[in-house]
1. Tell me, what ³J(HN,Hα) does each residue in the stretch 458-464 have, in order and in whole Hz, if you take phi through Karplus 6.51 cos²θ - 1.76 cosθ + 1.60 with θ = phi - 60° and put x for Gly and Pro?
2. In whole percent, and with a 1.4 Å probe on the protein chains, what portion of the accessible area of the chain is carbon and sulfur?
3. Using only alpha carbons, build the gyration tensor for the chain and give me the equivalent ellipsoid semi-axes, biggest first, whole Å.
4. Viscosity 0.890 mPa s, temperature 25 °C: what is the translational diffusion coefficient of the stretch 457-547 from Stokes-Einstein with a Kirkwood Rh over Cα pairs, rounded to a whole number of µm²/s?
5. Given the chain, what percent of its DSSP beta bridges are antiparallel, to the nearest 5?
6. How much length, in nm to one decimal, is gained on full extension between Val662 and Thr220, taken as 0.36 nm per residue of separation minus their Cα-Cα distance?
7. Please compute P(r) over all alpha-carbon pairs of the stretch 1-142, binned at 10 Å starting from zero, and give each bin as a whole-number percent.
8. Filter the cross-link list Lys11/Lys752; Lys509/Lys658; Lys382/Lys443; Lys658/Lys693 down to pairs whose alpha-carbon distance in this structure exceeds 18 Å.
Amino acid sequence: MKLVIVESPAKAKTINKYLGSDYHVLASFGHVRDLPAKDGSVKPDDDFSMLWEVDARSEKHLKEITTAAKNADEVLLATDPDREGEAISWHVLEIIRNNKALKTIPVRRVVFHEITKKAINEAIQKPRDLDMDLIDAYLARRALDYLVGFTLSPVLWRKLPGSRSAGRVQSVALRLITDREDEIEAFTAQEYWSLLGDFLGKPDKKVKARLTHLRSKKLTKFDINNETLALDAVSEIKKYGYSVLKVEKKQSKRNPSPPFTTSTLQQEAARKLGFGASRTMKTAQQLYEGVNLGGETTGLITYMRTDSVNLGLEALDGLRVHIDKTFGKDYLPPEMREYKTKAKNAQEAHEAIRPTDIARHPKDVESFLNADQMKLYELIWKRTIASQMASAILDQVSADISNPEKSVIFRANGSTIRFDGFLKVYQEGKDEEANTEEEEDEKILPPLVEGEGLDLNQVTPNQHFTQPPPRYSEASLVKKLEELGIGRPSTYASIINTLQDRGYVKLEKKQFFPEDRGRIVTAFLLNFFEKYVGYGFTADLEEQLDDISGGRLKWKSVLNQFWSSFIKAIDEAKGLTITQVIDRLNHDLDSMLFPEREDGSDRHICPKCNVGKLSLKLGKFGAFIGCANYPECQYTRKLSTAADAQSEVSMEVMNETKELGVDPKTGLMVTLRKGPYGFYFQWGEPVGKEKPKRVTLPKGMQPQDATLENALESGALPRTVGNHPGTGGEILAGIGRYGPYLKYQEKFISLKAGDDPISIDLDRAVEVIDTAPEKKPRR
């Protein structure tokens, strides 16, 4: 008997079916041990030795694995095909060895990138040894994250009461958001004007064109920057007759985007589906681990944690056949498209994210998928198909319209799609950016001939103001982190969640606003640990970790180099006084802490006593503004920012309803209301004696943060989590009068703190059920 160890029970059940009776497949249920959350888990003075602790929830599973290993002929470690998966295999092997369960039987590593019968059987035939370079890179990353978190966070707590934690990558991501807010607050809008000419020709030709030259001078953006100049330009333009000076026609190609990596999937799911990074990864995990397609569980996509944009030859052949058969030869390029991975050291998964079978059309599996799974599968399927289709061909036309002296020139642009190519299937979304009035007009121009006369019908001056840079969305933040080489795509979801959980940022209308706490923490770190929140330094450290995984650097030498300088900075910061910290923060956050007053009075002077100077104060519950004349003057106020003012909703005194949006399934307006027992969502209004659907606001959610998406998720409860891999019984998750629960085999099991009925996955649900204490029958 060969023992196969995977990460999830759902995967174990599927793989066991594929391999047959000669194999016994067990699940580790994810990570089995970690560094204890206390001082001394990593010891720099002892050559960075680490103390590992087995997770209490893993003990039962590890005992089962150890027992099975004692009776096995061979152990195959088949955890996920990336750095984390390699680390889990190493942890499991170490625990089995420590329990003396291996004896002399061989232990090999098995890697597969999709959960299909063919992929599993092929992987089993090609076992290898554990990749110690990958494991060393994991150890280095884990040690670095621990040392930063458990060394820097206590300094924050002592010098900056009310702050939560700091992290090696988390703090840099927070800096990106706060830096952007600083740019927005410092931004000064500039006025400028554009002039649009409306021309008429024969027969019934209408042409709109933008002014580019005036008085023989090519205009720059700010040449016409007030109404007087704009009206003067209109007067000048109206003096002349006009004709077509020049017509240019050219063709251009637009090529498809490469298939998805982890990062681009997160970005595009945010843009097109409105999914957060966590929601995207959770749904992708479900598609990868498999869906029951009428009797057999099959993985629908390849492994979803990858930096690679490559596709295997077999997948490419299948794509080309499908494109030829479905769309015709015109949509098939002469040769396979090749894409280059931008990441210096791409994740070890050798393929981009793609469907395991391109012939499995989204409509074929729609009845087996929930709404999120269907949307994401369709997105991946379309992107993969489009990546190997022919380029789109555009006809672009530009025409210059001028007066006889050529001192006034207008430019008209237009384009048409001659051949749609890959656009027939898919077009990449765009991030929301600032207003761009200068974008070329994507309209169709009528046929124009050089020398042809045109009548000027109207000139319209349009006033514009430059816009500040946009706040980061989840998509643009992920894109920026990847561009800077900070963190890894597989960690972006947890980074974003941590920033929100710590109260450092909030997501409002799909934009990240830094909270006061986040801005103060960033200012502190920039003053006293500037090197360690530097974009370049963090990216260089990521490269060193990649070099470890590639066998080019030794992991302990990287740790030594980092720790020797980091501990010096920590020791220096320990000597800081609270006064020194406050003085720096008062200076750096002046405009945020002391905003201008409507009456024009000195914003730094106490409004109560009119004598004392206002200053940042640090209490055990966080920062606030207070008067320097304390205790004679006891004036204090909470911190407030422009972001708070923009997003604040006074729900506590709300007597009216707040409309969140229309439920696309029912067509009913979803509203947030306050009742005698708290806040709740409501669908529509009462009809006769029939009461509308109502759902209580989830525990811990603030009413001002509630969105339509929250309401729809809560309204979908109870939801089906999946079937128990052991019995096949259905597992439901919901919220009842006693709180969140799981329902299984007519039993109700309460969910523990940290488990959410909306997001809990099958693996965790099975674990909660299997470890739930038996309830004693009532007498």
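The values are calculated or read from the model by the stated rules, or taken from the named source; none is laboratory data. Remember, it's a predicted structure, so these values are computed and weren't measured experimentally. Positions of Cβ are backbone-derived with ideal geometry, glycine not excepted, and every protein chain shown enters the neighbour counts. These accessible areas exclude ligands, DNA and RNA; they are computed on the full protein's heavy atoms, side chains included. Shrake-Rupley method; radii C 1.70, N 1.55, O 1.52, S 1.80 Å.
1. Whole-Hz 3J(HN,Hα) from phi for the stretch 458-464: 7, 10, 10, x, 10, 8, 9.
2. Carbon and sulfur atoms account for 49 percent of the accessible area of the chain.
3. Working from the Cα gyration tensor, I get semi-axes of 49, 39, 29 Å.
4. Calculated translational D: 157 µm²/s.
5. 90
6. Value of the extension gain: 154.7 nm.
7. 11, 43, 33, 10, 2
8. Too far apart for the 18 Å limit: Lys11/Lys752; Lys382/Lys443.
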